[in-house]
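Colleague: After the structure tokens below, expect a handful of questions from me.
The values are calculated or read from the model by the stated rules, or taken from the named source; none is laboratory data. Since the model is a prediction, treat every value here as computed from it, not as a measurement. Quick reminder, even Gly has a Cβ in these numbers, built from the backbone with ideal geometry, and neighbours come from all protein chains shown.
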Amino acid sequence: MGYVDGQTSSGDVPHDAHEDEPLPNMPAWKALLPIAVPILLIALGAFTKMQHGSGFLQVLGDPVIALSVGVLLALWTGTGWKKAEVSRLMLEASEKAGGILVIIGAGGAFGAILATTDLGTHLSDALPLAQLGLFFPFLLAVLLKTAQGSSTVAIITAAAIVGQLLPRLGLDSEQGRLLCMLALGAGSMSISHANDAYFWVISKFSGLEMQPMLKVYSVATLLMGITAFLAVLALSAMTM
């Protein structure tokens, strides 16, 4: 039987072969441990780093260590693990995560290149920054996000560029800096498409193809960024 628009030729909707497998018989808290514990460790590690600088919790809170703990807990909570089953799960995880990691690495490299090109000086000479105000950090974050995909890289790179231009933008005040960061955050939401790792996370784990993802998810991220920026403008009108 062939597949046509997500259905088999007989009209049946295809499903994962593992959907018919019985759920493991274990308490809910035990099933949630592999997810909850790494998140808790990462949060505690970040908190202790801000308060004390270093410590045992900070070591456990390292993402690599915390996620490794999650893997070990997943193996512990499982029952009757067989070598073939573990190998299959590891293979599936590698297939889904491999491409995402490549995209993240490429986006980070591109962001590092942008950060070293001294764009701030060139932009300040070419654009009327005093008239743009909050539009400049928003549009810069949108361009960086759309170009290289990572929201984190986009907001960090844009902040490095905008930081030296705050006096020219008229945002060199406590409230101005806060509003600038909010505008950067709004811009870093848009536009998520094929070069964004999270785009593929949703696509792979939901089973959606690229075309519906671009029509629904990418457009939704654009609207989300615009809505957030309008809220920042409204807040700016009330406070400045």
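Colleague: Does F199 qualify as being exposed (fewer than 14 other Cβ atoms within 10 Å of the Cβ) and among the aromatic types (F, W, Y)? It would help to see each step written out before you state the result.
Modeller: Values: exposed (fewer than 14 other Cβ atoms within 10 Å of the Cβ): no; among the aromatic types (F, W, Y): yes.
Here the answer is no, as F199 does not meet what is asked.
Colleague: While we're looking at this one, here's another question. So for segment 30-46 (the condition being among the β-branched types (V, I, T) and at pLDDT below 80), does at least one residue qualify?
Modeller: No, there is no match, as no residue in segment 30-46 is among the β-branched types (V, I, T) and at pLDDT below 80.
Colleague: Ok, one more. Please work out which one of (1) under 28 Å from A97 (Cβ atoms); (2) in contact with a Pro (Cβ under 8 Å, 6 or more places away or on another chain) is the condition L169 fails and give its number.
Modeller: That leaves (1) as the condition not met.
Colleague: Further question: Count, please, the residues in segment 191-220 that happen to be in contact with a helix residue (DSSP H, G or I) (Cβ under 7 Å, 6 or more places away or on another chain), under 17 Å from K96 (Cβ atoms) and of a type in the set (S, T, Y).
Modeller: 1
Colleague: Residue under question is T121, and the condition is that it be part of a helix (DSSP H, G or I), polar (S, T, N, Q) and either modelled with pLDDT of 85 or more or in contact with a helix residue (DSSP H, G or I) (Cβ under 8 Å, 6 or more places away or on another chain) (or both); does it hold?
Modeller: For T121, the condition - part of a helix (DSSP H, G or I), polar (S, T, N, Q) and either modelled with pLDDT of 85 or more or in contact with a helix residue (DSSP H, G or I) (Cβ under 8 Å, 6 or more places away or on another chain) (or both) - is not met.
Colleague: Out of S54, S9, I need the residue that is modelled with pLDDT under 80, under 30 Å from M210 (Cα atoms) and among the hydroxyl-bearing types (S, T, Y). Which one? Talk me through it step by step, then tell me what you get.
Modeller: On the way: S54 fails: under 30 Å from M210 (Cα atoms).
Sole residue among the options that is modelled with pLDDT under 80, under 30 Å from M210 (Cα atoms) and among the hydroxyl-bearing types (S, T, Y): S9.
Colleague: Here's a follow-up. State the number of residues belonging to segment 62-88 that are within 25 Å of the chain's Cα centre (by Cα) and more than 16 Å from I42 (Cβ to Cβ).
Modeller: Count: 1.
Colleague: Can you name every one of the helices (runs of 4 or more DSSP H) wholly within segment 135-183 that holds 2 or more residues which are over 27 Å from A197 (Cα atoms)? Don't jump to the end; show me each part of the working.
Modeller: Details: elements: 135-148, 151-163, 166-169.
Helices (runs of 4 or more DSSP H) meeting the threshold: 166-169.
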